[in-house]
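What follows is a set of notes on a single structure, which appears directly below.
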Amino acid sequence: MNDILVSIITPVYNSAKHLETTIKSVLAQTYKNWELILIDDGSNDDSLTLIESYIVTDSRIRLICHPKNLGVAAARNSGTKMADGRFIAFLDSDDSWDDEKLTVQVNFMQKNNCAISYTAYRKIDTDGEILVRKIDIPEKVNYNSLLRHNVIAFLTSIYDVKIIGKRYFEKIGHEDFAFWLEILKDNHLGFGINQVLASYRIHNSSLSNNKLRSAKYTWNIYRQNQKLSFFRSLYYFSNYIVSSSIKYIKK
């Protein structure tokens, strides 16, 4: 199983506070055949110094430097261009993985020959305390079901370059949502592993905490990015509002 290289793409922007936890969660993976591509996106804190300290200790850690901040879409695109792995995974610089994450997911993808996989996850606060122990996810998702609600948490996702090719991000709010919609539109399916394998850190400034802005981005994806009709957009947007409301009530 370890013969498949997994490329992990991690944009970094002023992330020194939590970045070491993120890197250590990759180093602790029981699956060893990976490369961690850290894209320093014009940080002005100690992020770059921290990255450089890890590069000299592990050759699997690679660095891309943006001289100025270009945003998360550009950073992920830079990482994707450099990636050598058959599988591409995403991990933001304040989130972390459980030790078995890659082992479980790569084994699942090989066994089921699937192009995209994602897992359940927990939510934690800025101090690492658990806020929500498990966010359940569906067994399968296609284009139409994803339009109703984005069930693919980006920190849990992996896709197979051999099946769908390298994919890139558009600079738009909710880049991850638009990213998966474009892939699933090509008749691909995403498959879920309903096991908690990652920790998503919630900040006061997190997009999920700004519900109005999140709703605006979602509407723009329906109308501008996916070019759905007004009434079809309204249908899916209503589903999104209901799903989001249920999620926050459960919290």
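The values are calculated or read from the model by the stated rules, or taken from the named source; none is laboratory data. Everything numeric in this text was worked out from a predicted model, so none of it was measured. Here Cβ is always computed from backbone atoms with ideal geometry, including for glycine, and neighbour counts include all displayed protein chains.
Considering the stretch 125-136 alone, what residues qualify as being of a type in the set (Val, Ile, Thr) and surrounded by fewer than 20 Cβ atoms within 10 Å (Cβ to Cβ)?
Restricting attention to the stretch 125-136, the residues satisfying the condition of being of a type in the set (Val, Ile, Thr) are 126, 130, 132, 135.
Result: THR126, ILE130, VAL132.
Scan the stretch 188-216 for residues that are outside any loop (DSSP other than H, G, I, E, B), at pLDDT 95 or above and not hydrophobic (A, V, I, L, M, F, W, C) and jot them down. Lay out the reasoning, then the answer.
If we filter the stretch 188-216 for residues that are outside any loop (DSSP other than H, G, I, E, B), which is where we start, we get 190-201, 207-209, 211-216.
Next, from what is left, pick out any that are at pLDDT 95 or above: 190-201.
Result: GLY190, GLY192, ASN194, GLN195, SER199, TYR200, ARG201.
Could you pull out the residue among ASP58, ASP92, ASP41 that is in contact with a helix residue (DSSP H, G or I) (Cβ under 8 Å, 6 or more places away or on another chain) and either over 24 Å from LYS166 (Cβ atoms) or among the basic types (Lys, Arg) (or both)? Please lay out each step first, then the result.
Values: ASP92 fails: either over 24 Å from LYS166 (Cβ atoms) or among the basic types (Lys, Arg) (or both); ASP41 fails: either over 24 Å from LYS166 (Cβ atoms) or among the basic types (Lys, Arg) (or both).
Checking each option against the conditions leaves just ASP58.
Filter the stretch 1-51 for residues that are in a loop (DSSP other than H, G, I, E, B) and β-branched (Val, Ile, Thr); which is surrounded by the most Cβ atoms within 10 Å (Cβ to Cβ)? Please lay out each step first, then the result.
In the first step, residues of the stretch 1-51 are kept if they are in a loop (DSSP other than H, G, I, E, B); the result is 1-5, 13-15, 28-33, 42-46.
Now drop any that are not β-branched (Val, Ile, Thr), which leaves 4, 30.
On the way: ILE4: 17, THR30: 12.
Only one residue tops the list, namely ILE4.
Does ARG86 count as more than 25 Å from ILE135 (Cβ to Cβ), touching a Phe, Trp or Tyr at 6+ places or on another chain (Cβ under 8 Å) and surrounded by fewer than 22 Cβ atoms within 10 Å (Cβ to Cβ)?
Numbers: more than 25 Å from ILE135 (Cβ to Cβ): yes; touching a Phe, Trp or Tyr at 6+ places or on another chain (Cβ under 8 Å): no; surrounded by fewer than 22 Cβ atoms within 10 Å (Cβ to Cβ): yes.
Considered against the rule, which asks whether it is more than 25 Å from ILE135 (Cβ to Cβ), touching a Phe, Trp or Tyr at 6+ places or on another chain (Cβ under 8 Å) and surrounded by fewer than 22 Cβ atoms within 10 Å (Cβ to Cβ), ARG86 comes out as no.
For the stretch 95-122, how many residues meet the condition of being touching a helix residue (DSSP H, G or I) at 6+ places or on another chain (Cβ under 9 Å) and over 18 Å from GLU139 (Cβ atoms)? Explain how you work it out, then say what you get.
Taking the stretch 95-122 and keeping what is touching a helix residue (DSSP H, G or I) at 6+ places or on another chain (Cβ under 9 Å), we get 95-99, 101-102, 105, 113-121.
Checking which are over 18 Å from GLU139 (Cβ atoms) leaves us with 95-99, 101-102.
Summing the residues that are touching a helix residue (DSSP H, G or I) at 6+ places or on another chain (Cβ under 9 Å) and over 18 Å from GLU139 (Cβ atoms) in the stretch 95-122 gives 7.
So for the stretch 66-76 (the condition being out of contact with any helix residue (DSSP H, G or I) (no Cβ under 9 Å at 6 or more places or on another chain), assigned to a helix (DSSP H, G or I) and within 14 Å of SER15 (Cβ to Cβ)), does at least one residue qualify?
There is at least one residue in the stretch 66-76 that is out of contact with any helix residue (DSSP H, G or I) (no Cβ under 9 Å at 6 or more places or on another chain), assigned to a helix (DSSP H, G or I) and within 14 Å of SER15 (Cβ to Cβ).
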